[in-house]
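What follows is a short report on a single structure.
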Amino acid sequence: MRDRIYIATFSEDAESVAKQYGFSIELNDFCISENLDPERIKGSLEAARRELQAAGAEHAIMHGPFTEIIPASIDHRAVELGMERLQQAYQAARDLGINRMVVHSGYMPLLYFKDWHHAKSVEFWRMYMADKPDEFSIYIENVFEDEPCMMHRLIEDIGDSRVGICLDIGHANAVTSEDYDIMDWIQILGPQIRHFHLHNNDGNHDQHASLDQGIMNMDVVMDTIRHCCRQDVTMTIESRSCRESAQWIEDWIRRGCLEG
């Protein structure tokens, strides 16, 4: 079970907490695109390797850049910029021996209609994965999506077994419409979810709070995950302070609630 739990490296004391609990890590060094620039990539890779060593992690997931990744952009140069940054991130992942990368969907409400975003996103992600090896996977993460069906449709229409969903429950809880709650997201997306980002909030702001500090009942959330998702689904603690959340997960594991 422990090899399915990760801690985001932006969290306070992420490496030491991961090592203490036997969890793995999700690298955030490449979330900011400029860290992939030629003059910075060497230092970024070295920092990532230090984090992996400090955590004693046998497994790792990489979070790709999310700044200005907008598949639905009308300006083709903006789309090309996003593709270039993600290609650079893929090379960084390969240099680190990592085969799984979280990517943001790039959905921008109020700017682009959902149907336009969908059509352009299917084209974008198919193009991105066209030259990638079979063992490389991406997990597309929700950010501003206000309902789960658009993510479900996106994965279906991409039609690539290497492409799944990273469901960020904190994002969903903060921006979803009143027609859905987080359990609806998990139930509707079900086996399409390959990875989770776990944190809590007050339902209005993306606070990245500890799992026990917010309006979501994490016992119910985790039980819904256990019943609706793949048995090999992985999860990253994305609380700004991860120690309390790691202890919450540890207590859950000890109760045997995540087995199976």
Within region 81-110, can you find the residues that are in contact (Cβ under 8 Å) with a residue 12 or more places away in the chain and part of a loop (DSSP other than H, G, I, E, B)? 96, 98, 99, 105, 106, 107, 108, 109
Could you list all residues from region 50-62 that are exposed (fewer than 15 other Cβ atoms within 10 Å of the Cβ) and at pLDDT 95 or above? 50, 53
Return the only residue of 78, 57, 47 being without any contact (Cβ under 8 Å) to a residue 60 or more places away in the chain and in a loop (DSSP other than H, G, I, E, B). 57
Residue 211 being under 22 Å from residue 89 (Cβ atoms) and either surrounded by 16 or more Cβ atoms within 10 Å (Cβ to Cβ) or touching an Asp or Glu at 6+ places or on another chain (Cβ under 6 Å) (or both): no
Please go through region 124-139 and pick out each residue that is assigned to a helix (DSSP H, G or I) and surrounded by 14 or more Cβ atoms within 10 Å (Cβ to Cβ). 124, 125, 126, 128, 129
Being within 16 Å of residue 32 (Cβ to Cβ) and among the charged types (D, E, K, R) is the filter; apply it to region 73-122 and report the residue that is surrounded by the fewest Cβ atoms within 10 Å (Cβ to Cβ). 84
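The values are calculated or read from the model by the stated rules, or taken from the named source; none is laboratory data. Because the structure is a prediction, the values reported are computed rather than measured. Backbone-built Cβ (ideal geometry, glycine too); neighbour counts: all protein chains shown.
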